[in-house]
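**Q** The structure that follows is given in the form of structure tokens.
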Amino acid sequence: AQSVTQPDIHITVSEGASLELRCNYSYGATPYLFWYVQSPGQGLQLLLKYFSGDTLVQGIKGFEAEFKRSQSSFNLRKPSVHWSDAAEYFCAVGAWDNAGNMLTFGGGTRLMVKP
Amino acid sequence: EAGVAQSPRYKIIEKRQSVAFWCNPISGHATLYWYQQILGQGPKLLIQFQNNGVVDDSQLPKDRFSAERLKGVDSTLKIQPAKLEDSAVYLCASSLVVREQFFGPGTRLTVL
């Protein structure tokens, strides 16, 4: 069974500073990886996804993530954080087999942005 | 294109009462999912439908939870009777292609 670990429960950065959110996964086959963002009272919005090919993936809102198979990681980065980026971020791994199309989420990282 | 719609947005009930949530997926999306998100945790899949058939309900507490998707479009998730530990946000998602799910705003349930 697949699993996802987000080691940092809370992260605080200053506006304009760079950001890296960590994600480690466990999955026996080639993973399909996702980052979602959730603002208070809102559903999940897809930031970016990795299926295959280039291991550096560009997403919306200036985010990018890098898939490193050797480290089983898919860390999310942004070079300059804006106050509006304050939210909760979820990493997820997807599995597609006879049982269907299943996403397993990490526990999330809450990002706070200092002015 | 309209997104995934859910109602109600908020619900407060007492334990042992029953409650139902409704989801309308994005038009044309054959696959529909219900997730439970407990405060401070990531979403957990409860049930997945492909059209009006159940693909995976292995994590659905079937003694109290039930879900249906009549006519392969809208879906209803019911809890009867509710327990305190059912307090959570219930998220509905839908997908057209296998690999991308679109989420609704969720229903926040509080059980007192």
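**Q** Leaving ligands, DNA and RNA out of it, report the carbon-plus-sulfur percent of the accessible area of the stretch A:28-115 at a 1.4 Å probe. Before the final figure, lay out the partial values.
**A** On the way: 2010 of 3940 Å².
Within the stretch A:28-115, the accessible surface is 51 percent carbon and sulfur.
**Q** While we're on this one: Per residue, how many Å² of accessible area does the stretch A:3-114 show with a 1.4 Å probe?
**A** Working: 5110 Å² over 112 residues.
It amounts to 46 Å² per residue over the stretch A:3-114.
**Q** For the stretch A:3-114, what does the relative contact order come out to in percent, with C-alpha contacts under 8 Å and a separation of six or more? Could you put the intermediate results ahead of the total?
**A** Working: 269 pairs, mean separation 41.9, N = 112.
Reported relative contact order: 37 percent.
**Q** Compute the distance from the alpha-carbon center of the stretch A:3-20 to that of the stretch A:55-115, in whole Å.
**A** 10
**Q** Which pairs break 20 Å Cα to Cα here: B:15/B:44; B:11/B:71; B:15/B:78; A:78/A:114? Can you show the working numbers first?
**A** Details: B:15/B:44 22 Å; B:11/B:71 26 Å; B:15/B:78 14 Å; A:78/A:114 15 Å.
Too far apart for the 20 Å limit: B:15/B:44; B:11/B:71.
**Q** Per-residue mean of other chain beta-carbon atoms within 10 angstrom of the beta-carbon, peptide A:40-52?
**A** Values: counts 0, 6, 4, 15, 12, 2, 4, 0, 0, 2, 0, 2, 0.
Per residue, the average neighbour count from other chains is 4.
**Q** What ranking, highest mean first, results for peptides B:3-16, B:20-33, A:63-76 when packing means the other Cβ atoms within 10 Å averaged over each residue?
**A** Working: B:3-16: 14.6, B:20-33: 18.8, A:63-76: 16.9.
Those peptides, ordered most packed to least, come out B:20-33, A:63-76, B:3-16.
**Q** Let me test this: with uniform point scatterers at the alpha carbons of the stretch A:3-114, what is the Debye-based log₁₀ I(q)/I(0) at q = 0.20, 0.22 1/Å?
**A** -1.05, -1.25
**Q** Could you tell me the total accessible area buried at the B-A interface, probe 1.4 Å, in square angstrom to the nearest hundred? Show your work: numbers first, answer last.
**A** On the way: alone 6450 and 6280 Å², together 11030 Å².
Roughly 1700 Å² of accessible surface disappears when B and A pair.
The values are calculated or read from the model by the stated rules, or taken from the named source; none is laboratory data. The model shown is predicted, which means the values in this text are computed figures rather than measured ones. Because the Cβ atoms are built from the backbone with ideal geometry, glycine has one as well, and the counts that use them run over all protein chains shown. Heads up: the accessible areas ignore ligands, DNA and RNA and are worked out on the full protein's heavy atoms, side chains in. Shrake-Rupley method; radii C 1.70, N 1.55, O 1.52, S 1.80 Å.
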